[in-house]
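The values are calculated or read from the model by the stated rules, or taken from the named source; none is laboratory data. The structure presented is a predicted model; accordingly, all values stated were derived computationally and were not measured. Neighbour counts run over all protein chains shown; Cβ positions are idealised from the backbone, glycine included. Remember, those area values only see protein heavy atoms, side chains included, never the ligands or the DNA or RNA. Shrake-Rupley method; radii C 1.70, N 1.55, O 1.52, S 1.80 Å.
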Amino acid sequence: MKKKIMDLIIYTLLFIGAIIMCFPFYYMVVTSLKESAYIFTVPPQMIPKPATFENYKTVWVEADFKLYFLNSLKITLPAVLLNVFLSSLTAYGFARFKFPGKELWFSVLIATLAVPGLLLIIPQFDMIRKVPFFMDNPLTIVLTSGIGGIAFNAFFLRGFFESIPRELEEAAELDGCGIFKTYWHIAMPLARPALATLVIMSFLGVWDDYFWPSLILRDKRDWTLPIGILGFRAQHGVQWHLLFAGTIIAILPVLIIYFMFQKYFVKAVAEGGLKI
């Protein structure tokens, strides 16, 4: 009986916490469906009457959010693929191969996590500024985002690769698989939970990044969604119904990616993917 009461209290607290966490998102969705005249009504409308999707049409077509959305996709997708590929190669090398100073080099790699990313912005921008090709070029964001974060990702993936039985790789070698084929056909499929988690984190980091793209992409035709949202606010003022509609558009791909890989994400956490 005591256990049931404790479980009831715990689940009640979790339910209340979930409502508190989700309410701002719900309010944003509701506001994005309202006409401007109904945004500041007292008491506030928790269910929009009348509900309209005109705000989404306005920001998508008239405010160029369609262009910003496509720009974000063109940058994020290749950047995530590059990041996951390079991170997995690095992690697999440290997990499976022996070479002089292996642990020392891995410690140096991990030590770079202690350097705040903002400290590197100025030297990175100074180097890129000296090569005109890289300024105002979305490829610059793809390359820098694809390379960034490899230290943490390699730390994250190494434990998964080390947990794969060596017998599977030895069997692949006997069947004529080389090093890369063993990595690609044996290690990568078995590490899907970790890779899915990495895809979620990498996608979120690149898709939501504002500061670095705003330094490189000065042409409005190359703007990504975070830059476009701030630019829309600066140009049109705070029109909450339109601003929230644009924000929902920016959030949707992240939610889709998360729900696509959710089961792998949970599995990765449950299996303790952060061990080394």
**First in region 251-273 and under 30 Å from Y56 (Cβ atoms), second anywhere and at pLDDT below 75 and surrounded by 13 or more Cβ atoms within 10 Å (Cβ to Cβ), Cβ under 9 Å, 6 or more apart** = Y258/F265
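Listed here are the residues, each with its yes/no results for (1) open to solvent by less than 40 Å² (accessible area, probe 1.4 Å); (2) more than 30 Å from A171 (Cα to Cα); (3) assigned by TED's automatic domain parsing to the domain that holds G246.
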| site | (1), (2), (3) |
| --- | --- |
| A187 | yes, no, yes |
| F211 | no, yes, yes |
| L217 | yes, yes, yes |
| D222 | yes, yes, yes |
**Contacts under 7 angstrom Cβ, first residue in region 171-187 being touching a residue at least 12 places away in the same chain (Cβ under 8 Å), partner polar (S, T, N, Q), 6 or more apart** = A172/T182
**Item:** Selected residue [open to solvent by less than 70 Å² (accessible area, probe 1.4 Å), more than 25 Å from Y27 (Cβ to Cβ) and among the hydroxyl-bearing types (S, T, Y)] from T247, T197
**Value:** T197
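Table: residues versus (1) within 26 Å of the chain's Cα centre (by Cα); (2) at pLDDT below 90; (3) assigned to a helix (DSSP H, G or I); (4) within 28 Å of G231 (Cα to Cα).
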{"position": "I10", "(1), (2), (3), (4)": "no, yes, yes, no"}
{"position": "F15", "(1), (2), (3), (4)": "no, no, yes, no"}
{"position": "I19", "(1), (2), (3), (4)": "yes, no, yes, no"}
{"position": "V61", "(1), (2), (3), (4)": "yes, yes, yes, yes"}
{"position": "I75", "(1), (2), (3), (4)": "yes, no, yes, yes"}
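Residues are listed down the side, and each one gets a yes or a no for (1) closer than 27 Å to K220 by Cβ; (2) modelled with pLDDT of 85 or more; (3) outside the structural domain of N71 (by TED's automatic domain parsing):
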residue: S107; (1), (2), (3): no, yes, no
residue: L119; (1), (2), (3): no, no, no
residue: R129; (1), (2), (3): yes, yes, no
residue: P132; (1), (2), (3): yes, no, no
residue: P138; (1), (2), (3): yes, yes, no
**Request:** Quickly run through region 126-146 and pick out the residues that are over 21 Å from S87 (Cβ atoms), part of a helix (DSSP H, G or I) and not acidic (D, E).
**Result:** M127, I128, R129, P132, F133, F134, P138
**The lone exception for V115 - which of (1) touching a residue at least 12 places away in the same chain (Cβ under 8 Å); (2) loosely packed, with under 12 Cβ neighbours inside 10 Å; (3) not basic (K, R) it fails** = (1)
